[in-house]
1. Can you sort VAL380, VAL403 by solvent-accessible area, 1.4 Å probe, largest first?
2. State, in angstrom, two size descriptors of region 193-306 derived from its alpha carbons: Rg to one decimal place and Dmax to the nearest whole number.
3. So what is the diffusion coefficient of the chain in µm² per second by Stokes-Einstein at 10 °C and 1.306 mPa s, using a Kirkwood Rh over Cα pairs?
4. Taking a temperature of 10 °C and a viscosity of 1.306 mPa s, what whole-number D in µm²/s does Stokes-Einstein yield for region 321-456 with Rh from Kirkwood over alpha carbon pairs?
5. Between SER418 and THR136, what is the label-point separation in nm under the 7 Å Cα-to-beta-carbon projection?
6. To the nearest 20 Debye, how big is the dipole of region 136-250 about its Cα centre, given +1 on the beta carbon of each Lys and Arg and -1 on that of each Asp and Glu?
7. Report LYS309's accessible area, 1.4 Å probe, all protein chains in place, as a number in Å² to the nearest 10.
8. So, with +1 on the Cβ of K and R and -1 on the Cβ of D and E, and no other charges, what is the size of the charge dipole of the chain about its Cα centre, to the nearest 20 debye?
Amino acid sequence: MSKGKCCAVGYLILLVSAGAGATPAAWLPNAPRDRDYYDGGNPSPAKVHLGAQLFFDKILSGNLNTSCATCHHPLADTGDGLSLSVGEGGRGLGVTRDTGAGPDIVPERVPRNAPPLFNLGARQFEKMFHDGRVETDPGQPSGFRSPAGDDLPAGLDNVLAAQAMFPVTSGTEMAGQYGENPVAAAAAFGNLHDVWRQLAERLRNIDGPGGYVEQFVDVFDDIDEASDITFVHAANAIAAFEAVSWRADNSPFDRFLRGDRAAMSASARRGMRVFYSPGKANCGRCHSGSFQTSHDFHSIATPQIGPGKGDGVSGNEDFGRERVTGNKTDRYRFRVPSLRNVTLTAPYGHSGAYDTLESMVRHHLDTTRSLYNYNPEQAVLPLHPDRSVARADLLVMSDPQLVERIAGSSELGPANISTREFNELIEFLAALTDPSSIDLRRNVPHSLPSGLPLAE
Ligand code: HEC
Ligand code: HEC
């Protein structure tokens, strides 16, 4: 049990205050409310409907073969179930997706895990991506800091909309490779405006009843005719869809915070104390606030697998936040993720290195040990016949010097909790799951204005 005497006292105070009456203790966060979300949680239904179609429509990819849903599918809890996503050129959906294998095909994998998209309509989520490279910043002309710099157009509703401008400009994710189509060519030359213009042009050409033109005119006050449609409008609609569809704040924990003490089991309530107690796991130090994230960047020395972001000598490393700030102290720091619906969203970590919630949490309790003992077989990587690809995926983890460097960056010392407390902690994490997120089939549109297939 608890070792430090000083901490034991703090723990006792937490224990007592958590047990008292129907009002949750002051050290607990507030349950999210409507006013915490864009549009008070109620964007226009027509805009959401339009966004849903765009999110699923492969018309937004260069080769007409990838949609946002390819990697953020409702059937895979808004992720893809893989450690690392496969974009453009892949075949199949979710964990059965492969790299479009063939001896002559270069497997294009995305070097990071596709994060779930729950609750991103809450205004406090101001930093997008594992390294926060798209971020709300009123000092910028567009209102956002991003890799596009001053190229990012004005008129984006929020940071979620700003994020939606980017997947379509990535050759690996949606645009395709140079030589395959004109969108890919523009993307390869870094001509983002041309990518966005070409995609808007495609949408402008889908008219007729129920077509995109009719819907854009209906939804946006500043669109009178097809030629007024821009990709910024599309991004705003996609953001409205994401924000409202994947709000997930009715978990047992939320109901507990709203005063329904019986909503959480006794063991989950004990796990909650383990989670928040400074003398115990102290997870709340980083996983703070209503969504269990401080939105800050820390290193917890998670294993790095996959092709990497081009960092380090081999190019297989991912320096994380340093890539954005240029600051060496930010090396291997990644954004603290929200833990809402975390039981549904495996694999975990920026490269999806851990396939189970238990192994991810255990990693936190002794990062060095976990890193050195990492078993790559748990990674959910798509099949590819070329063995050198599989070897390259483990380049970082098979280099003792790099592993030591990553281990050294950890901001987490070993934490000592009993097996019972560990199990209670997992119970608490399970209480962060909103039951309405378990089956998301309702989010899949029935048909698309482009006429392109919803499935492969
Ligand atoms: C090929 C797979 C793939 C496709 C297609 C894709 N994404 Fe993603 N998405 C990812 C990955 C991987 C990340 C994390 C990348 C990173 O952090 O560098 C991500 C990150 C995000 C985020 C940030 C979430 C967060 O918590 O920071 C949002 C929002 C998002 N995607 C929405 C979209 C939208 C909208 C589209 C379509 C326009 C789209 N994605 C297309 C794989 C994909
Ligand atoms: C020092 C800050 C910090 C503390 C304390 C901390 N975490 Fe984390 N946690 C992180 C960061 C950063 C990540 C993302 C790592 C990555 O992407 O590689 C993370 C990731 C996770 C994930 C994976 C989520 C996902 O979607 O991939 C889980 C689960 C998690 N933490 C649970 C916990 C639990 C339980 C505790 C307490 C035992 C805890 N964390 C304590 C910083 C912290």
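The values are calculated or read from the model by the stated rules, or taken from the named source; none is laboratory data. Just so it is clear, the structure is predicted and the values come from calculations on it, not from any experiment. All Cβ positions, glycine included, derive from the backbone under ideal geometry; neighbour counts span all protein chains shown. Accessible surface areas use protein heavy atoms only, side chains included; no ligands, DNA or RNA. Shrake-Rupley method; radii C 1.70, N 1.55, O 1.52, S 1.80 Å.
1. On the way: VAL380 35, VAL403 10 Å².
The ranking, largest first, comes out as VAL380, VAL403.
2. Over region 193-306's Cα set, Rg and Dmax evaluate to 22.8, 64 Å.
3. Details: Rh = 23.0 Å.
Stokes-Einstein gives a translational diffusion coefficient of 69 µm²/s.
4. Details: Rh = 18.1 Å.
So the translational diffusion coefficient is about 88 µm²/s.
5. Using points 7 Å along Cα→Cβ, the separation is 4.3 nm.
6. Numbers: 5 positive and 18 negative charges, 81 e Å.
Charge dipole, region 136-250, about its Cα centre: 380 debye, nearest 20.
7. About 60 Å², ignoring ligands and nucleic acids.
8. Working: 42 positive and 54 negative charges, 437 e Å.
Its charge dipole is roughly 2100 debye.
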